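A short write-up of the structure that comes next.
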Number of protein chains: 4
Amino acid sequence: MKSLRDFKDAKTRREFLEKELNINLDKISGFNFAEDQVIGRNIENLIGAIQIPLGVAGPIRVKGQGVSVKDYYIPCATTEGALVASVSRGCKAVTASGGATVYVENVGITRGPVFKTKDLGQAMKAEIWIEKHFKELAKTAQSSSSHLKLLKADYRVVGRNLFVRFYFDTQEAMGMNMATFATEEAVSLIEKKTGAECVSISGNFCVDKKPAWLNFISGRGKKIWAEAILSQKIIKDVLKTTPKKVVEVVERKCHLGSMMSGSLGFNGHYANIIAAIFAATGQDLAHVVEGSMGITTAEVLDNDDLYFSIYLPALIVGTVGGGTNLPTQQEALKLMNIRGVLEYSMVVGGAILAGELSLLASLSEGSLAKAHRKLGRSGKGKA
Amino acid sequence: MKSLRDFKDAKTRREFLEKELNINLDKISGFNFAEDQVIGRNIENLIGAIQIPLGVAGPIRVKGQGVSVKDYYIPCATTEGALVASVSRGCKAVTASGGATVYVENVGITRGPVFKTKDLGQAMKAEIWIEKHFKELAKTAQSSSSHLKLLKADYRVVGRNLFVRFYFDTQEAMGMNMATFATEEAVSLIEKKTGAECVSISGNFCVDKKPAWLNFISGRGKKIWAEAILSQKIIKDVLKTTPKKVVEVVERKCHLGSMMSGSLGFNGHYANIIAAIFAATGQDLAHVVEGSMGITTAEVLDNDDLYFSIYLPALIVGTVGGGTNLPTQQEALKLMNIRGVLEYSMVVGGAILAGELSLLASLSEGSLAKAHRKLGRSGKGKA
Amino acid sequence: MKSLRDFKDAKTRREFLEKELNINLDKISGFNFAEDQVIGRNIENLIGAIQIPLGVAGPIRVKGQGVSVKDYYIPCATTEGALVASVSRGCKAVTASGGATVYVENVGITRGPVFKTKDLGQAMKAEIWIEKHFKELAKTAQSSSSHLKLLKADYRVVGRNLFVRFYFDTQEAMGMNMATFATEEAVSLIEKKTGAECVSISGNFCVDKKPAWLNFISGRGKKIWAEAILSQKIIKDVLKTTPKKVVEVVERKCHLGSMMSGSLGFNGHYANIIAAIFAATGQDLAHVVEGSMGITTAEVLDNDDLYFSIYLPALIVGTVGGGTNLPTQQEALKLMNIRGVLEYSMVVGGAILAGELSLLASLSEGSLAKAHRKLGRSGKGKA
Amino acid sequence: MKSLRDFKDAKTRREFLEKELNINLDKISGFNFAEDQVIGRNIENLIGAIQIPLGVAGPIRVKGQGVSVKDYYIPCATTEGALVASVSRGCKAVTASGGATVYVENVGITRGPVFKTKDLGQAMKAEIWIEKHFKELAKTAQSSSSHLKLLKADYRVVGRNLFVRFYFDTQEAMGMNMATFATEEAVSLIEKKTGAECVSISGNFCVDKKPAWLNFISGRGKKIWAEAILSQKIIKDVLKTTPKKVVEVVERKCHLGSMMSGSLGFNGHYANIIAAIFAATGQDLAHVVEGSMGITTAEVLDNDDLYFSIYLPALIVGTVGGGTNLPTQQEALKLMNIRGVLEYSMVVGGAILAGELSLLASLSEGSLAKAHRKLGRSGKGKA
């Protein structure tokens, strides 16, 4: 039987499938990127494109690292009703309160190979060699790209195994790809110098696209914090609830509920907002996994205002490479009006703060399902 | 300032943003679904659509619950180079070995409200009331929809809090929405009869879109198992490695590495395959989170064949509702040629088995980065 | 060289070691149990006994399951200064407030064997066989002892493995031993009927003496809840702090701090109190592990009283068998003046509530280290 | 009513309880330490002592950090039949194979206070202040004791909270007490310089006596690795099984079983061996919790020998202070014939290796329950 890779282009491949399966793929055929732009870079066996509705939330005011203050629109590609409206409602409340204060720490993308050794002794010796020759190792790793810097390495020995976790600064790119190439260079040197044998260039000590306490505790990609202080009046006027009720939902749902569930996500729905922005701006959708981890906090302040914050230990994003180069994704990035990945991360942080606040406020006053019914909307995203 | 919701359609809203930000959104404007199909159902503040390249992997042979045997194509919407090719390579190896044997268990979608009580005593009494009146509760919950069935409930008391986890059969739909409405009915009855006060209709005992041991241990949505037995020859010819090497990567990376990382994902990259199929077929992309959990196993059998399996405790999917109704997503579902959500889940299981095997085989013989370089492809998805 | 098991009694064995190592073991030689009582039951290669100082905390008033009300003394064997005094202080505050309300659920001791199967199909079939023949299986298991009842079984299949978790009621005994014998009988029947091969009678699906979310979520041994409501005046007079301060420590330390640490212990020091009572009353000290899991909650009520509670999902205890038969341990049990393991568990629950409250109160007003210094005591147990 | 602290000595207090409860506490009265040695240091409300049978396992040959080679006896205080015999059997196999190679890393005891701040900004500033003034902070902390050194600090900010984790070298002492005093000094300085307010000197970022991924990943107290290579013949002669069978139990039980259970203990029964040695040598019994975490690995080597290893990330021990000063505990330490806490840790590592190997070997050939029955022994410790 003819293999799907043998077709010369999307059209002939699509036509083959249409005949083979007796179906019609007209809608999928309507794409506006160039085949040769994506083939060999983003996709194989291309037949067309999937379209996801794009809505815009905001604007939201973001105060970056206590410095700049700017209003941003948030592109959201989603099929989940009520999400964009909910994020927008949160943006309104946050902006009316002076905006979201956001902090970003560039932890670096990580790659964690696993080496097999003769015994504990060889593993310990290999670890020591790496520590002693870190500069040489960095030079070797960085020879693979001018856009990459090896920031640090962490180690673990167990039985006949050495795990190393390399942290890389990859500038504007998400950089998993660069990091893999750089790690390959480092691994070759380590193998040569220590006799340890690399079993897998990824030893799940990265940890890529799997929920893991190591990423929660050590961070991965970007760490994001955002906060806002909202008056009782704004909470009442915009969110139809009270600071006290929001705090109660955060404590009983996001904290106690997640403790009872053995969860790494002490929040309402970070994943919803991240998935929508990631789909809109060409991020790797599997990195929604790391983005679902984190902690929401809320307190009633002495003046009865609401203090509200979010914390994400591992947001994996880039503004060049991967899917960010595609035409519609490029336009969505333009719409965000950001300069580089740090500003991008700040806006994502603000958007999560807004979307999280809006959902928890809605839960706190029980209007959630009502709203959905009224709007005939899906509640599936609502927690 | 004019709010984004005040515009009458996507065009005027888009034009406002283009002027406001002095940008061009031509590509985003090119969408082929009807505005009135998505407004009030999938999205708000619509301005157009994002396009994600669609490739096709397979075919893969799937043996369902030891019954049917059929070959399937797998639609993958992704921007991550090498993924579709890698899944296809796995499909080839699995199909040449007789196909993937897949099992699906319909655990049911869950919704877990949290109630506030006067004290432990009231919480215990409320729990007992629910247990005793489960049938009445089911009748009430099911009054909200003819497509929904309350399967069971689980309970936890801590301090002045009662957490209840309802499991629902929602037929072909993913059903989070239905489940929320049904839970609202049940909650009203519980509040009336027990005096417990619902603080949040979702108490993170669901646990929706957050990684959690409760979902890993009790399951959520669909549980998926898939396995295949591959000969040394097929492993060598198609995957360029050996059973022994694959087993070593599974043990040192997927098992030991994930133990060392405190991960709930003892696998290579389930999330990659799930994200691509979910994006193609209109699933909720935030549910990639639950899909990233699970365990890959591999053994060298006495005859030196490779036994390879995957296990996912919580795959959240549907074939009606949400994004599945959109035109391109509908065509992608047609391309899968499945009848209903159980067959859909089986194919996803087969695809994950294939994609997981292909990646781990590639890691085991160190060709990964080489391949990427040769094809100028991204390795970011490769573990 | 002569083996330690070849000596006829503790005296000759001890003398051999004294000469061999040129040391003096006089103190160890002073024990007041009969050798033949412990040999072949509690210990091998006996040379004497270790003495641990025994203090008494309390009395504490305990309201059992909303029924009985009684005051109890709490025997604590510990070498950690300040612990007994701290628990006593908590007992005073709790008793002055009307006592601790305690609830106990007998989940049952668990044993979880792992079976190896040909493939997923055989594992699924074996699971179904067990479900269908549960009564027969129970009869077989219960044939091993008249003090044991098989309550239920839970199952998990992954790859070529079937895990089964048996829950047993073992009356007054902790019962791990009985459960193992009973499981052996059940396993033989399962092997014969299903062809599944038991690889280990304990497959860490028990999970015995290891921290695990499965035990947290499903419970093991006894589940314990305890609560008390304390007035501002009692909190001030006895504990030198305020309800607000206690709540703040619970939220920032026990909840947020444990979330940030990836802990299964959302509490201050359950393990301290459990270790002291276990050592005093002959429990298995390795079961302190399960006892360290659980959640403390605190709330300021509308009348400004403090609501305080503890929850332990897995307290593993017995009042017969194991070390409970030893002379000093027997006397310590007498001192508790309890009838059976449920009342014993209730008192332990009350003691944990008291000890937990006292520590958190002390932390909340910063007197901890001061107190230790004043008394020249060890703070090592204090959190 | 008269309070237990009002009695002048153990005798009068005991007599009061005997009359009050109409019981006899003769056995408890028989203790051979001086009251004034323990009062105000180890215990309050003293009435006597609990006696735990002491057995001796070994000797076991230990190769320390690839340097010294020495044989050690292992004192085990336990009431769990078969444990000492089982550890001894493992010692025999390991010693016959040349001994256990053990590595110890002194991570340091940790104390992790939580500070409340005005907002994220103040928390970030406080963190930066600590980093910049670490030397000054160390000097201040170390002023509290000449036996303590501040090794490093780690930080986390979430909402209005700053968590700091201090690592201390406390020489021969377990040192939790010293660490608390030193932390108090550091905290005062931080409060003065940064305006952050310490809410609790322990913020569960320590994490003391609770299972936690932070301790697993970062280590606490001492990290311990031990390994041995055993021939098929020794495995057969001493342990009645084969390398292949042991490896199968490690993979299906310790690895897969613990993954399925959400456990932090990927081992058989570290906690049993640790509890017995801790009780014998005066360690804090609540620290068995940290000791239950870790990973056992096993491999069949190319020559068919068995490679076997254990790894504990957090063993909390000392050889001075706490309960180590008591007479019987002092003798038990003498019996170990060790110089200092590092050598002590090495021997504990060797003992765990031996006890773990013996249990898993027994499970692998199904003799466990049989043996217990034959010896009328308890199987409760056997996994």
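The values are calculated or read from the model by the stated rules, or taken from the named source; none is laboratory data. Since the structure is predicted, the reported quantities are computational estimates derived from the model, not experimental observations. Glycine also receives a Cβ, built like all others from the backbone with ideal geometry; neighbour counts cover every protein chain displayed. The area values use the complete protein model at the heavy-atom level, side chains included, leaving out ligands, DNA and RNA. Shrake-Rupley method; radii C 1.70, N 1.55, O 1.52, S 1.80 Å.
Whole-Hz Karplus values for the stretch C:143-148 come out as 5, 7, 6, 7, 9, 10 Hz, taken residue by residue from phi with 6.51 cos²θ - 1.76 cosθ + 1.60 and θ = phi - 60°; glycine and proline positions read x. Excluding the site residues themselves, the longest part of chain C lacking any trypsin sites (Lys or Arg not before Pro) in a DSSP loop with at most 15 other Cβ atoms within 10 Å is C:119-239. A point 7 Å from Cα along Cα→Cβ stands in for A:Glu365, and the other copies hold the same point at 4.0, 6.2, 7.2 nm, listed in rising order. Per residue, chain B exposes 29 Å² of accessible surface when a 1.4 Å probe is rolled over the protein heavy atoms with every protein chain present. Across the identical copies, the 7 Å label point of D:Thr12, projected outward along Cα→Cβ, sits 4.8, 9.2, 10.4 nm from its counterparts, in ascending order.
Could you check what % of the DSSP bridge pairs in the protein assembly as shown are antiparallel, to the nearest 5? Beta bridges within the protein assembly as shown, antiparallel portion: roughly 90 percent. Among the residues of D:322-334, the average count of other protein chain beta-carbon atoms within 10 Å of the residue beta-carbon is 6. Assuming a ≥ b ≥ c are the square roots of the Cα gyration tensor eigenvalues, decide whether chain D counts as rounded (a/c under 1.5), prolate (otherwise, with a/b larger than b/c) or oblate. Judged from the Cα gyration tensor, chain D comes out oblate (a/c at least 1.5, b/c at or above a/b). For peptide A:82-89, the mean count of partner chain Cβ atoms within 10 Å of a residue's Cβ comes to 4. Pairs with C-alpha atoms separated by more than 19 Å, drawn from the list A:Lys70/A:Lys92; A:Lys334/B:Lys210; C:Lys2/D:Lys70; C:Lys152/D:Lys245; C:Lys125/C:Lys193, are A:Lys334/B:Lys210; C:Lys152/D:Lys245. Taken as Cα centroids, the stretch C:78-98 and the stretch D:277-340 sit 31 Å apart, rounded to the nearest whole angstrom. Ligands, DNA and RNA left out, the 1.4 Å accessible surface of chain A is 51% carbon and sulfur atoms. At the residue level, D:His147 shows approximately 100 square angstrom of accessible surface with a 1.4 angstrom probe and all protein chains present. Computed from point charges on the beta carbon alone (+1 for Lys and Arg, -1 for Asp and Glu), the dipole magnitude for the stretch B:48-191 about its Cα centre is near 280 Debye. In chain A, the beta-carbon sitting nearest the axis that superposes A on C belongs to the residue given here with its distance in angstrom, A:His255, 3.
For B:Lys236, inter-copy separations between label points set 7 Å beyond Cα along the Cβ vector come to 3.2, 7.9, 8.5 nm, shortest first.
Taking Cβ atoms as reference points and 15 Å as the exclusive limit, the residues near B:Gly195 contribute a net charge of +2, counting Lys and Arg as +1 and Asp and Glu as -1.
The HN-Hα couplings worked out from phi for the stretch D:245-255 by the Karplus form 6.51 cos²θ - 1.76 cosθ + 1.60 (θ = phi - 60°) are 5, 5, 4, 4, 5, 4, 6, 7, 8, 5, 8 Hz, whole numbers, x standing for Gly and Pro. Amide H contacts for B:Ile43 (H built 1.01 Å from N in the peptide plane; partners 5 or more residues away or on another chain; cut-off under 5 Å): A:Ala82. Computed over chain D, relative contact order equals 21 percent, with contacts defined as Cα pairs under 8 Å that lie 6+ residues apart.
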